[in-house]
Amino acid sequence: MKNVRLSIFVVVALAQLAVPAYAVWMRTQTLSHGRVWKFRTAPVDPVDLVRGRYIALRFASEEVPQAERLKPGRWAYAVLKEATDGFAIVDHVSADPIAGDNVIKVENVGWWESKQRLRFPFNNFWVSEDLAPAAETAYAANSRQQKQNAYVTVRVRNGDAALEELYIDSQPLKEYLRQHALP
């Protein structure tokens with residue numbers, strides 16, 4: 001009886017370790033082998049003292065003209081395409097699962113002025129504690145100056161999307177902060 005309990009404990013422990021290990025492995029695979037997409041960001045208030053050090057992101061392509069109204073609060077599948085300027089836009093949204101390196105699973109927020117409103121799964125860019133204040137200030141200042149030339153690169157692989165880098169003025173965030181040191 002003791003061996004059965006020990007065996008069950010070992011199997012349960014391995015299963016509990018396997019789930020997060022698989023999630024980490026999948027995200028690593030997406031970042032290593034996924035297709036790169038660039039998304040323009042939209043202005044947003046980046047300060048949130050409760051949840052920690054990150055930059056809250058919103059994307060212009062989260063609002064999509066859509067003929068078919070999908071039910072709010074449900075998951076949907078956004079099919080991406082590259083616009084002429086090189087940035088990703090949503091070609092169309094489907095309620096049915098679709099596979100591919102140009103599809104991401106999104107939250108369907110609802111309708112607003114004849115546009116389908118989506119929420120991408122990569123809306124927070126986490127930064128280290130020491131960079132966070134300068135990063136938030138730089139991103140907010142860039143958004144308020146009507147430049148709106150910030151964007152992120154996101155890797156997509158088999159429907160999984162992973163945020164790779166935040167760019168301000170065509171420079172990776174760390175490089176931008178290094179060149180534009182705030183007093």
Item to check | Pairs, first touching a residue at least 60 places away in the same chain (Cβ under 8 Å) in region 82-108, second polar (S, T, N, Q), C-beta under 9 Å, six or more apart | outcome: 87/61; 88/61; 88/102; 99/158; 101/158
Next on the checklist: Exactly one condition in (1) at pLDDT below 85; (2) on the phi > 0 side of the Ramachandran plot; (3) of a type outside the set (A, V, I, L, M) is false for residue 111; which is it?
Outcome noted: (2)
Item to check | residue 101 being among the acidic types (Asp, Glu), closer than 21 Å to residue 36 by Cα and loosely packed, with under 14 Cβ neighbours inside 10 Å | outcome: no
Item to check | Looking only at region 1-30, and only at residues there that are loosely packed, with under 10 Cβ neighbours inside 10 Å and of a type in the set (D, E, K, R), the one that is nearest to the chain's Cα centre (by Cα) | outcome: 5
Next on the checklist: Kindly evaluate residue 125 against the criterion of being within 14 Å of residue 39 (Cβ to Cβ), surrounded by fewer than 19 Cβ atoms within 10 Å (Cβ to Cβ), in contact (Cβ under 8 Å) with a residue 24 or more places away in the chain and in contact with a helix residue (DSSP H, G or I) (Cβ under 9 Å, 6 or more places away or on another chain).
Outcome noted: no
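The values are calculated or read from the model by the stated rules, or taken from the named source; none is laboratory data. Every value quoted in this text rests on a predicted model; they were computed, and no experiment measured them. Because the Cβ atoms are built from the backbone with ideal geometry, glycine has one as well, and the counts that use them run over all protein chains shown.
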